[in-house]
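Accompanying notes for the structure given below.
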Amino acid sequence: MPRQAYVNGRYTAHNDAAVHIEDRGYQFADGVYEVVPVYNGILVDEEPHLDRLERSLRELQIDMPMSRAAMKLVSRELMQRNSLSRGFVYMQITRGVAPRDHKFPAQATPALVMTTRQMKPHSAEVLEKGVKVITLRDIRWERCDIKSVSLLPNILGKQAAAEAGAYEAWQLDDDGNITEGTSANAWIVTDSDTVVTRNANSAILNGITRIALLDLIRAEGFQLEERAFSLEEAQAAREAFVTSSSSFVMPVTQIDDNPVGNGHPGLLTMKLRERYVDYMNGLKEAG
Ligand code: PLP
């Protein structure tokens, strides 16, 4: 069966899947999304992802297009149709179709699109070497906590990273502190082995991988600080890494032109990656 997508109540061939030209997602980026990783055929942290989806929608006064239980059923149906065991389910909800006008339409039915994508395991080489990040100014809006499809600054940042041969771009706020990457949260490990990541407020997206890793770090009893950290502190850090649904825990070994620590993936970073992978391996299908 060709790859399938789900569009507003129908399963359809991915290549033919389409939305209306007056969908407000297309015209205004008036919508939100989620990316739920799939590992060993299991949706990782599905509940927190759906919690965040519902929160993003609430903040924008968009209704859920269907019940949470129905969203779960569609995710599973799509995974089955696409034989997905490793990758992710993408879900996007917009305010719906209406004649173009900035203010909310009086009546619009939220539009829902769901797709899946397979993902290859990270290569041994990437994990042995770690990745480079560049830094640039954070030019995003003041509600980065909403997982909005309005991602222009993020894609410009990621493009700049790609052009510099880097994996990610870490964004700097007006105080010279790192907020996060363009599609991943930023972390460092200090000389005193304290794991540091930006506290979750409206300056960052509170990553679901971030939340899961915070729990694992606390369970292991490692020192942890959720606070802002500067570029200078990151450059002087012993280790650095990023987290996201597609990166899991990815060691960062270069920030701009400077090696992080000894230039190799950090020991604590790799231990945390292992713990996170163990955590995913231990997950079971709910119910
Ligand atoms: N920060 C941003 C801006 C993101 O876009 C993402 C993921 O796409 C993350 C952080 C990491 O979030 P998660 O761990 O839920 O994938």
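The values are calculated or read from the model by the stated rules, or taken from the named source; none is laboratory data. The model shown is predicted, which means the values in this text are computed figures rather than measured ones. Ideal geometry is used to build each Cβ from the backbone, glycine not excepted, and the neighbour counts take in all protein chains shown. Remember, those area values only see protein heavy atoms, side chains included, never the ligands or the DNA or RNA. Shrake-Rupley method; radii C 1.70, N 1.55, O 1.52, S 1.80 Å.
Overview of results
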item: Region 147-287 - accessible surface per residue (Å², probe 1.4 Å); result: 43 Å²
item: Centroid-to-centroid separation of region 1-74 and region 167-189 [C-alpha atoms, Å]; result: 27 Å
item: Shape category assigned to region 138-184 from the gyration tensor of Cα positions, a/c cut at 1.5; result: oblate
item: On Cα atoms only, tilt of 46-59 relative to the major axis of the chain in degrees; result: 70 degrees
item: Test item: Cα-centred dipole of region 172-287, Lys/Arg +1 and Asp/Glu -1 on Cβ, debye; result: 500 debye
item: Structure-based [θ]222 nm, the chain - -39500 (n - 2.57) summed over DSSP H runs of at least 4, per residue, nearest 500; result: -8500 deg cm²/dmol
item: Charge dipole (debye, nearest 20) of region 41-182; +1 at Cβ of Lys and Arg, -1 at Cβ of Asp and Glu; result: 640 debye
item: Nearest-10 value in Å² for the accessible area of T194, using the 1.4 Å probe; result: 10 Å²
item: Most to least accessible of R140, R24 (protein chains only, probe 1.4 Å); result: R140, R24
item: Full-stretch length increase - M1, W141 - with 0.36 nm per residue and alpha-carbon distance subtracted; result: 46.2 nm
item: Helix 267-281 axis, angle to the chain major axis (alpha carbon atoms, nearest 10°); result: 30 degrees
item: 0 to 90° range, to nearest 10: angle between helix 68-81 axis and the chain longest Cα axis; result: 80 degrees
item: For region 148-159, Karplus couplings with θ = phi - 60° (6.51, -1.76, 1.60), whole Hz, Gly/Pro x; result: 8, 6, 7, 10, 3, x, 5, 6, 5, x, 5, 5
item: Cα-centred dipole magnitude for the chain, charges only on beta-carbon of K, R (+1) and D, E (-1), debye, nearest 20; result: 1100 debye
item: Qualifying aspartates and glutamates (Cα of each under 20 Å from Cα of K271; at least 8 residues distant if same chain); result: E125, E128, D191, D193, D215, E220, E225, E226, E239
item: Distance (nanometres) between label positions extended 7 Å along Cα→Cβ at E59 and R10; result: 3.4 nm
item: Spatially proximal lysines relative to K72 (Cα-Cα < 17 Å; intrachain offsets below 8 disregarded); result: K284
item: Apportionment of accessible area to carbon and sulfur, the chain, percent (1.4 Å); result: 50 percent
item: Potential lengthening between M119 and N258 on full extension [0.36 nm per residue; Cα-Cα distance subtracted]; result: 47.0 nm
item: Viscosity 1.002 mPa s, 20 °C: Kirkwood-radius Stokes-Einstein D of region 75-174 over Cα pairs, µm²/s; result: 125 µm²/s
item: Theoretical FRET efficiency, 1/(1+(r/R0)^6), r = Cβ-Cβ of A219 and F28, R0 35 Å, to 0.05; result: 0.25
item: Projected area averaged over orientations for the chain, convex hull of C-alpha atoms, nm²; result: 15.5 nm²
item: Percentage, to the nearest whole number, of Cα pairs in region 133-253 over 16 Å apart; result: 58 percent
item: Contact order normalised by residue count of the chain, Cα under 8 Å, 6+ apart, percent; result: 17 percent
